[in-house]
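Please read the structure below before turning to the comments.
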Amino acid sequence: MKSFHFLALLSLALAFSFASAFDPSPLQDFCVAIPEPKNAVFVNGKFCKNPNLTVAEDFFFPGLNVPGNTGNRVGSNVTLVNVDKLFGLNTLGISLARLDFAPDGGLNPPHTHPRATEILVVVEGTLYVGFVTSNPNRLFTKILYPGDVFVFPIGLIHFQFNMQRPMQLPLLV
Ligand SMILES: *[C@@H]1O[C@H](CO)[C@@H](O)[C@H](O)[C@H]1NC(C)=O
Ligand SMILES: *[C@@H]1O[C@H](CO)[C@@H](O)[C@H](O)[C@H]1NC(C)=O
């Protein structure tokens, strides 16, 4: 079954500036200033650990070599490495995911990341990917093979589809 398993890695990054220092993009639609913090909510990322207590493990996540289980309705599985799993990512504006697709039509359904650009590299298999521009609606699609990289620009609806069927696989001796 190993050959039927298709894998893509992608990372999500907020828009970067070429300046050597920059403010991160806001993670919320707005942030109305108020003079008294007791009526405030904390929004931008999570609270920061005391740097004196920070250890190497805070920047570490193991196990991205383990396939996700694709036995679900859409036939795909996203293993997210975001700030909930890798605390050192907090406020850095980047995350990573492993995508596994079931053979014969595993699908990561159309969706959007309103504040992040996505870049994907195919590690194994054959993937049909695409995105739609907002105005006018133009569809850009491409068939990707191992080693291919594709970028989904910030905010645009996109999808990935495993078009490789078991019968089309070469014989493995
Ligand atoms: C971190 O350690 C330094 C040196 O001991 C100390 O001056 C500083 O207050 C500590 N910072 C925090 C946030 O505890
Ligand atoms: C994805 O795979 C993990 C690991 O096998 C599993 O725990 C999880 O339920 C799967 N998610 C979906 C949506 O199938």
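The values are calculated or read from the model by the stated rules, or taken from the named source; none is laboratory data. Remember, it's a predicted structure, so these values are computed and weren't measured experimentally. When we count neighbours, we look across all protein chains shown, and the Cβ atoms used for this are built from the backbone with ideal geometry, even at glycine.
The single condition among (1) surrounded by fewer than 16 Cβ atoms within 10 Å (Cβ to Cβ); (2) out of contact with any Leu (no Cβ under 7 Å at 6 or more places or on another chain); (3) under 23 Å from ASN69 (Cβ atoms) that VAL123 does not satisfy is (2). Only one of the numbered conditions (1) at pLDDT below 95; (2) surrounded by 15 or more Cβ atoms within 10 Å (Cβ to Cβ); (3) among the acidic types (Asp, Glu) is not met by ASP84, and that is (2).
The rows are residues; the columns are (1) more than 16 Å from ligand 2 (Cβ to nearest atom); (2) under 30 Å from LYS49 (Cα atoms); (3) of a type in the set (Ser, Thr, Tyr).
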| position | (1), (2), (3) |
| --- | --- |
| LEU89 | yes, yes, no |
| ILE94 | yes, yes, no |
| PRO109 | no, no, no |
| PRO136 | yes, no, no |
| PRO153 | yes, no, no |
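State which residue is farthest from PHE161 (Cα to Cα) when the search covers only segment 69-86 and only residues that are polar (S, T, N, Q) and in contact with a Ser or Thr (Cβ under 9 Å, 6 or more places away or on another chain).
The extreme case among them is ASN82.
Could you tell me whether LYS85 is more than 12 Å from the chain's Cα centre (by Cα), under 28 Å from PHE30 (Cα atoms), within 16 Å of ligand 1 (Cβ to nearest atom) and among the basic types (Lys, Arg)? So LYS85 fails the test. Taken over segment 51-68, residues that are surrounded by 10 or more Cβ atoms within 10 Å (Cβ to Cβ) and of a type in the set (S, T, N, Q) amount to 1. The requirement of being in contact (Cβ under 8 Å) with a residue 40 or more places away in the chain and among the basic types (Lys, Arg) is fulfilled somewhere in segment 45-67, by at least one residue.
Is it the case that some residue within segment 96-106 is among the acidic types (Asp, Glu), at pLDDT 95 or above and within 16 Å of ligand 1 (Cβ to nearest atom)? There is no residue in segment 96-106 that is among the acidic types (Asp, Glu), at pLDDT 95 or above and within 16 Å of ligand 1 (Cβ to nearest atom).
When residues in segment 123-140 are screened for being part of a strand (DSSP E or B) and over 23 Å from ARG73 (Cβ atoms), 3 of them pass. In segment 138-156, the residue that is surrounded by the most Cβ atoms within 10 Å (Cβ to Cβ) out of those that are modelled with pLDDT of 95 or more and farther than 25 Å from PRO67 by Cα is LEU156.
Can you find a residue in segment 48-67 that is at pLDDT below 90, away from ligand 2 (no atom under 16 Å from the Cβ) and under 18 Å from ARG115 (Cβ atoms)? No, every residue in segment 48-67 fails to be at pLDDT below 90, away from ligand 2 (no atom under 16 Å from the Cβ) and under 18 Å from ARG115 (Cβ atoms).
Only one of the numbered conditions (1) out of contact with any strand residue (DSSP E or B) (no Cβ under 7 Å at 6 or more places or on another chain); (2) modelled with pLDDT of 95 or more; (3) loosely packed, with under 11 Cβ neighbours inside 10 Å is not met by PHE42, and that is (2).
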